[in-house]
Amino acid sequence: MKKAATGRPFLEVFAVALKENYRFPILEIFAFLYAFGTFIFAGLGATVAQSSEIFAHGLVSTLTGIPLFILMILIWANVAYGLGNDVEKGIIQTLLSYPLKRRAVLTAKLLSALGVALLLFLGIQLLALFILAPDIARIYFSTISLTYLANLSPSLLMAGIVLLVALILRRGGLALVVGIVLYFAFSIISSMAFFLAWTGSDFALKAFALIYPNMALDRYYAGFGTPSPFGPSEMWTPSFSEALGYIGVSYVIVAVIFLLCYVYFDRRLGI
Amino acid sequence: MRWISLAGRLGTVLLMIGLALGLVSFIPAAPMGGFSSGGSGSAQPEKYQVLGTTRTLTPQTGLRISINTSIETHFYILNVFEGDLHEWAMSWVRERFPDLDESAVWWASRNVTVLDAFLESHSDTVLWDSNVINDLSKEFFPTTVSNATTVIAYPSLETAQFEYEIESITSLAPRERTLLPAEFLALFGLVLAIPWIFFTRIRKAPSQ
């Protein structure tokens with residue numbers, strides 16, 4: 001009975017959030033960009049492959065390139081402008097008046113902001129994979145899933161940080177700027193860590209792989225078969241279980257950031 | 001009304017994905033420089049021969065094949081190294097005809113019957129089979145990473161004249177795989193979107 005009583009307000013808040021985040025034709029434009037971008041930027045870099053498994057990993061890595069940036073734009077818009085502006089302008093008070101716990105309100109908002117965006121992204125990506133390389137997608141589904149897990153972790157981390165900043169500063173615009181700065185900082189740090197590893201110090205690469213685990217997975221697959229002509233052969237190559245460990249740790253970090261968001265929203269928001 | 005809205009928005013999203021796929025399917029495959037072979041000549045009756053060399057293909061790198069023959073032939077793309085195919089054919093002949101000398105074994109291993117025996121015992125290696133053809137023009141993309149060897153077989157008793165050209169090509173998404181899903185998604189999306197468009201856009205208009 002209690003479940004039914006909280007279920008309906010939850011759906012109401014979720015529906016309101018959906019309507020706010022995906023006004024016609026925002027979702028349609030992003031769906032088109034995801035689908036078109038996925039194919040346009042798909043895998044020509046992954047065409048020279050030593051095995052189907054490496055090809056599967058390489059294809060997913062290239063498939064996620066630009067569409068992942070499009071996903072980030074959608075998430076920033078939903079989290080920073082959507083939720084951030086709701087907090088900034090006090091609109092969130094209307095949602096808090098529903099007979100729901102604060103964390104349920106945040107969950108409904110995040111389900112709309114992140115869940116739907118991720119669902120659209122992954123749906124189109126998997127469709128593209130099954131169209132492009134059906135046999136590889138079927139046989140190496142675990143490799144593909146793992147590569148997606150590794151690729152999505154930094155995006156979720158950035159989304160969590162943007163959310164935390166939006167909640168603490170109560171400024172949607174500023175949170176958006178933080179998100180954009182973080183995105184480019186990640187790219188720069190990634191290149192620097194790789195360059196340092198080239199010069200013989202693996203520490204930066206290993207440390208960065210904790211929040212960017214696809215780097216560990218990339219290095220694991222680079223160690224597969226014949227050595228890559230790019231980079232010294234003695235560069236850090238983790239084992240499969242180590243790569244899995246890096247992915248696991250990155251999701252623990254993501255979970256901690258979102259937990260902080262929930263705690264702040266629940267107890268410290270002061271609305 | 002909410003269900004109509006939900007289905008309608010789902011429909012418009014599917015329609016947009018279908019349109020994007022349709023647009024991608026019109027981007028033609030491009031040749032990969034330096035990976036082409038071709039030629040012409042006459043082929044012995046009841047023999048087969050390998051055209052070009054074995055190439056590594058992926059779902060995005062395929063072959064553009066063009067063949068013209070004077071008699072009906074069979075064309076195959078096999079997921080096997082050329083050397084392995086010849087080795088298997090030679091050992092198959094040696095097992096059945098132990099008295100033949102090496103040059104006779106080599107000549108007999110090029111018989112169509114030997115190729116048929118290979119295809120029967122290695123049916124999983126057949127990536128594509130043309131059936132009986134005179135002219136062929138095709139773009140082929142495998143669904144997985146493959147070592148493609150192109151083989152032409154002449155089951156006829158006459159000597160055949162042929163011309164062929166095989167070149168490696170690359171494509172973002174092969175048209176034969178994208179066009180059907182694009183049509184299906186666009187159509188399904190349109191069906192879902194029509195009630196929503198009718199109720200929210202057309203019927204609403206007069207009252208505004």
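What follows draws every value from the coordinates through simple rules; no lab data is involved. All values derive from a computational prediction rather than experimental measurement. No Cβ is skipped: glycine too gets one built from the backbone with ideal geometry, and neighbour counts run over all protein chains shown.
Result for chain A in a Gaussian network model with C-alpha springs under 10 Å: among A:A80, A:A207, A:A56, the largest mean-square fluctuation is at A:A207. One way to sum up the overall shape of segment B:1-108 is the equivalent ellipsoid from its Cα gyration tensor, whose semi-axes run 50, 18, 13 Å, largest first. Only Lys, Arg, Asp and Glu carry charge here, each on its Cβ (+1 for the first two, -1 for the last two); on that basis segment A:2-268 has a dipole of about 1260 debye about its Cα centre. The charge dipole of the protein assembly as shown, taken about its Cα centre with unit charges on the Cβ atoms of Lys, Arg (+1), Asp and Glu (-1) only, comes to about 4080 debye. So which aspartates and glutamates pass the test for B:K138, namely a Cα distance under 14 Å, with those fewer than 8 places away in the same chain ruled out? List returned: B:D129, B:E165, B:E167, B:E176. Note on segment A:2-268: lysine pairs with Cα distance below 25 Å, sequence gap of 8 or more or different chains, count 11.
Comparing A:L156, A:G172, A:S187 along the charge dipole axis of chain A, the residue lying farthest to the positive side is A:G172, per the Cβ-charge model. Cα gyration tensor of segment B:51-161, axes a ≥ b ≥ c as square roots of the eigenvalues: rounded (a/c below 1.5), prolate (a/b > b/c) or oblate? Taking the square roots of the gyration eigenvalues as a ≥ b ≥ c, segment B:51-161 is oblate. Distances longer than 32 Å among the Cα atoms of segment A:2-268: what percent of all pairs is that? The calculated P(r) of segment A:2-268 puts 29 percent of pairs beyond 32 Å.
Looking at segment A:87-141, none of the chymotrypsin sites (Phe, Trp or Tyr not before Pro) sits in a DSSP loop with at most 12 other Cβ atoms within 10 Å of its own Cβ.
List the relative contact order of chain A as a percent without decimals, with contacts defined as Cα pairs under 8 Å and 6+ residues apart.
Answer for chain A is 22 percent.
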